[in-house]
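The values are calculated or read from the model by the stated rules, or taken from the named source; none is laboratory data. It should be emphasised that the depicted structure is a prediction, and the values quoted were computed from it without experimental measurement. With ideal geometry, Cβ positions are generated from the backbone for all residues, glycine too; neighbour counts draw on all protein chains shown. In case anyone asks, the SASA skips ligands and DNA or RNA and just uses the protein heavy atoms, side chains included. Shrake-Rupley method; radii C 1.70, N 1.55, O 1.52, S 1.80 Å.
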Amino acid sequence: MARRKAGRPGSKRTGAKRTGAKKPEVKPADLVIRPGQFTAKLRASARGFAMLTAEDGEEFFVPPPDLGGAMDGDLVLARPKRGRPHDRGESHPYGEVRFRNERPEAEVLRVVERHHRRVVGTFARGRYFSTVEPLDPRLPEFVVPRGKQGEAKPGELVAAEIISYPDGLRRPEVRVTEALGRAGRPGVDIAVIIKTYDLPEHFPEVVEREAARVSQEVLPVEIEGRSDLRRLTTVTIDGEDAKDLDDAVSLEVDDQGYHLGVHIADVGHYVKPDSPLDREARRRATSIYLVDRVLPMLPPALSNGICSLNPKVDRLTQSVFIDYDPTGRRLGYRLADSVIRTAERMTYTAVAGLLGGADPRLKERHAPLLPMFEGMARLARLLRASRMDRGSLDFELPEDKVVLDEEGRPVELYRYQRTIADQMVEEFMLAANEVVATHCAGLKIPFVYRVHERPDPAKLEALNEFLRPFGFALRDLEGLGPGELQDILVRIAGRPEERLISRVILRSMKQARYSADNLGHFALAFRYYTHFTSPIRRYPDLIVHRLLRESRRSGGPLPPVREAIWRDVLPEISEHSSERERLADEADRASFEVKKIEYMAARLGEAYTGIISGVTPSGFYVELPNSVEGFVHVRELADDYYVLEQAMYALIGQSTGRRYRLGDPVDVYVMAADPMARRLDFGLDPGGPLR
């Protein structure tokens, strides 16, 4: 099965052509927003109502009659509903507004931009018309006009294109584009994920033709002018099933210290600007790693072929050489176009085993490489210690893994704990990325930075309230640095609530993103940072490679014309790449979640002890040791009437005083599992020792 590449930091609106429903004529740039109106993304509920958040953070409740045909995710123009005056002792920014459940109400005036173009759901044929019931409960049922059902059969899951949206009393309509099969059949679940997120499954023919013309061997003429590193001992270190090997490392140690080499596939040599390959890579922006497959950014002829740093063959690279003294202090660096020939294709497991010395046969096989790996381990520990001293955050959470059989059914869930080999590669990639960003910032050329901004004050306040019951408190929210959060992570290591607190801290952070402006990287405590090390699978890395090469050819700053061109295009590339990365991450999580719940569906009635990982008015979430998370509804708490105490993150029985609090252990059993809806329900285990 395909798995995500471990150990790489950063673990993924466009000009892409869209089909389906026509976009609204009113575009955000042309929109006139009158006083008292605002735009916002609509967040719909399965119960019919929705929520809006204005730019100032004010939240509004939207009753079903006031949705104005808007659906979940749509960008809408709205205004508060007029009603009684604000009566909380201060003036409301919108004057007199109507309130419901302590929130002001709003009404949608128009849909500015539609979020959904397609929908995935269950096809049903009625007496007079057919329908598609979306898997997403936040979306309405769609009508399928006569002759628009394609080959769909009743009860099948289908992908459909929206041809009209809700409009007054008119129901939305779709055209079925593909019948995916019945739920439960092998492959249908991942097909649903692919269609739901509109992921690219195939490359256009023109792109495939261009990829096929690329030579699968490095030609002598291509080596001219490059640093020839083929005699330097270099290795790749990846997961067992990785095929796109885009980074290799080398290390030499002497009395002066460590001489690290990070060698990255020179994808830019093969993917020329504005070529069909480049346009498709820019559209995709990232490879997408699902639980059972990879949807690559580049065709396999490049991603698994000539660009992949396969062992014992010549490959073109861009290299970063970094010199460190014996204490791990950086002394200098050098960048170069290069050609390498890797000595071995190593795996994290093999390198960790080699350094651990548990397998004599492994040690014998790789004896010539052992001194280099031992030096790498020492350097990685020095680099990590230096990074921690600077205040860098480091989440040591294990990675969830799902093992599938030949038919794609889950047969094992486990958590992969990072090894020294993972840490080595991570530290070296971080170092190379920081050096490249620092170098280009010094040149003052247009650039794509990987940025991570400070957390929002409101989220830090909420995090502080969450931490207090566990005995922690953030001292200075305004001047908070990542080092204070890292100190908490160190102190909770090994405690039962470690994973829970780590996850809540992580959720309090802003998302890292790409930006043409250098805003620093809060979590890493780096002033300059970028993504340079994975151009096979990330488009911003390919752009960084191009900028490096162009600056080397110009001898430093770019010519004014070229600088103007880059400054014009980089903001859009950064924004689009960030959006595609978020979508890829969502699809990745969804594919793993489907398989996890499918795994639990075969274990109905089985009992487990888990940790309460989330509390809501309607129940609480429980995370099991195998990483699966399910929900216990309040109706299962039959011994009392339970009310949410938000300040305590707990449901508390009004008569008994019994509480179910975030972080508490609890005994549950698997009550119901619906993989397609990605829903897992637990019941309380009456025989459990914790009851």
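How much of the DSSP beta bridge set in the chain is antiparallel, as a percent to the nearest 5? Mind showing how you got there, number by number?
Numbers: 108 of 118 bridges.
Roughly 90 percent of the beta bridges in the chain run antiparallel, per DSSP.
What full-extension length gain, to one decimal in nm, is calculated for Val403 and Arg495 as 0.36 nm per residue of separation minus the Cα-Cα distance?
Extra length available between Val403 and Arg495 comes to 30.4 nm.
Given the whole protein assembly as supplied and a 1.4 Å probe, what does the accessible area of Leu651 come to in Å², nearest 10?
Ignoring ligands and nucleic acids, Leu651 comes out at about 0 Å².
Which length gain, in nm to one decimal place, applies between Glu59 and Lys363 when the Cα-Cα distance is subtracted from 0.36 nm times their residue separation?
Full extension of this stretch gives 103.3 nm more.
When the accessible area of the chain is split by element with a 1.4 Å probe, what percent falls to carbon and sulfur?
Within the chain, the accessible surface is 49 percent carbon and sulfur.
Please list, by residue number, everything in the stretch 264-291 whose backbone N is under 17 Å from a paramagnetic label point 7 Å out along Cα→Cβ of Arg213.
Zone members listed by number: 269-281.
At 7 Å along Cα-to-Cβ for each site, give me the label-to-label distance between Ile223 and Lys41 in nm.
5.0
By accessible area of protein heavy atoms, probe 1.4 Å, what ranking do Glu240, Glu151 get, highest first?
Ranked list, largest accessible area first: Glu151, Glu240.
Taking the Cβ of Pro469 as the center, what net charge do the other residues with Cβ under 13 Å away carry, scoring Lys and Arg +1 and Asp and Glu -1?
-1
Is the stretch 153-213 rounded, prolate or oblate when judged by the Cα gyration tensor, a ≥ b ≥ c being the square roots of its eigenvalues, rounded requiring a/c under 1.5 and prolate requiring a/b larger than b/c?
Here the stretch 153-213 falls in the oblate category.
Order Asp337, Asp456, Asp389, Asp266 by their accessible area, 1.4 angstrom probe, all chains in place, largest first.
Asp389, Asp456, Asp337, Asp266
Given labels modelled 7 Å from the Cα in the Cβ direction, how far is it in nm from Lys243 to Phe395?
2.9
So, R0 is 51 Å and r is the distance between the beta-carbons of Glu478 and Ser655; what FRET efficiency does that work out to, to 0.05?
Values: r = 43 Å, r/R0 = 0.84.
It comes out at approximately 0.75.
Between the stretch 263-331 and the stretch 114-167, what is the separation of their alpha carbon centroids in Å?
First find each Cα centre; the distance between them is then 40 Å.
With respect to the cross-link table entries Lys272/Lys444; Lys41/Lys81; Lys153/Lys195; Lys41/Lys401; Lys363/Lys595; Lys41/Lys153, which display a Cα-Cα separation exceeding 26 Å?
Listed pairs above 26 Å: Lys41/Lys401; Lys363/Lys595; Lys41/Lys153.
Assuming 0.692 mPa s and 37 °C, estimate D for the stretch 343-422 with Stokes-Einstein, Rh taken as the Kirkwood radius over Cα pairs, in µm²/s.
In µm²/s, the coefficient is 218.
How much accessible surface area, in Å² rounded to 10, belongs to the heavy atoms of Arg226 with a 1.4 Å probe?
Roll a 1.4 Å probe over it and Arg226 shows about 40 Å².
At 1.4 Å probe size, with no ligands or nucleic acids counted, give the accessible surface of Ile33 in Å², nearest ten.
Roughly 80 Å² of Ile33 is accessible to a 1.4 Å probe.
Hey, what's the chain come to in accessible area per residue, 1.4 Å probe, Å²? Walk me through the numbers before you get to the answer.
Numbers: 32070 Å² over 691 residues.
Ligands and nucleic acids excluded, the figure is 46 Å² per residue.
So if each residue of separation counts as 0.36 nm, and I subtract the Cα-Cα distance between Arg329 and Arg103, what length gain in nm does that give?
Extra length available between Arg329 and Arg103 comes to 75.9 nm.
If DNA, RNA and ligands are ignored and the probe is 1.4 Å, what is the ranking of Tyr416, Tyr621 by accessible area, most exposed first?
On the way: Tyr416 45, Tyr621 90 Å².
The ranking, largest first, comes out as Tyr621, Tyr416.
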